[in-house]
Amino acid sequence: QVQLVESGGGLVQAGGSLRLSCAASGSIVSINVMGWYRQAPGNQRDMVARISTGGSTNYADSVKGRFTISRDNAKHTVYLQMNSLKPEDTAVYYCHSSKNWFGSPDYWGQGTQVTVSS
């Protein structure tokens, strides 16, 4: 089992920045990929960004150039730096971990709310 604990959400004005963190514990040896999905009310949960143990990254088109994902393998923590936030970025952000790059997420965090006001 892997436990994922997120922090860093909140309310910010459009154009502002937030940094999300997600710390993993438990069976961390099984983790290869960590990253973030988000889900707005009435919408499906969509991938935002992910990063492998080796540092490969992948971003949704909607956040490229504005969001940066990074990872501290020693601390088993992944970060999402979100700049130039837009109201459409408002959602619950969920941290995830996966064994495989091409597989579905294995574990989820509890979610953290990000609200961007216009």
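The values are calculated or read from the model by the stated rules, or taken from the named source; none is laboratory data. On a predicted model such as this, the values are computed, not experimentally measured, just so you know. Cβ placement follows ideal geometry from the backbone for every residue including glycine, while neighbour counts extend to all protein chains displayed. All accessible areas refer to the heavy atoms of the entire protein, side chains included, with ligands and DNA or RNA removed. Shrake-Rupley method; radii C 1.70, N 1.55, O 1.52, S 1.80 Å.
Here are a few things to note about the model shown:
- Label point 7 Å beyond Cα of Asp46 along Cβ direction - residues of the range 75-118 with amide nitrogen under 12 Å: 88-91
- Normalised by 2.2 N^0.38 Å, where N is the number of residues, the alpha-carbon radius of gyration of the range 1-40 equals 1.47.
- Within the accessible area of the range 1-95 (1.4 Å probe), percent carbon and sulfur: 47
- Comparing Tyr94, Tyr79, Tyr107 in a Gaussian network model of the chain, where Cα atoms under 10 Å apart are tied by springs, the biggest mean-square fluctuation is seen for Tyr107.
- Per residue, the average separation of C-alpha pairs within less than 8 Å and at least 6 apart gives the chain a relative contact order of 36 percent.
- Among Asn100, Asn43, Asn58: highest mean-square fluctuation, GNM of the chain, C-alpha pairs under 10 Å: Asn43
- Electrostatic dipole magnitude of the chain [Cβ: Lys, Arg +1; Asp, Glu -1; Cα centre; debye, to 20]: 160
- Here the convex hull built on the C-alpha positions of the chain has a volume of 92 cubic angstrom per residue.
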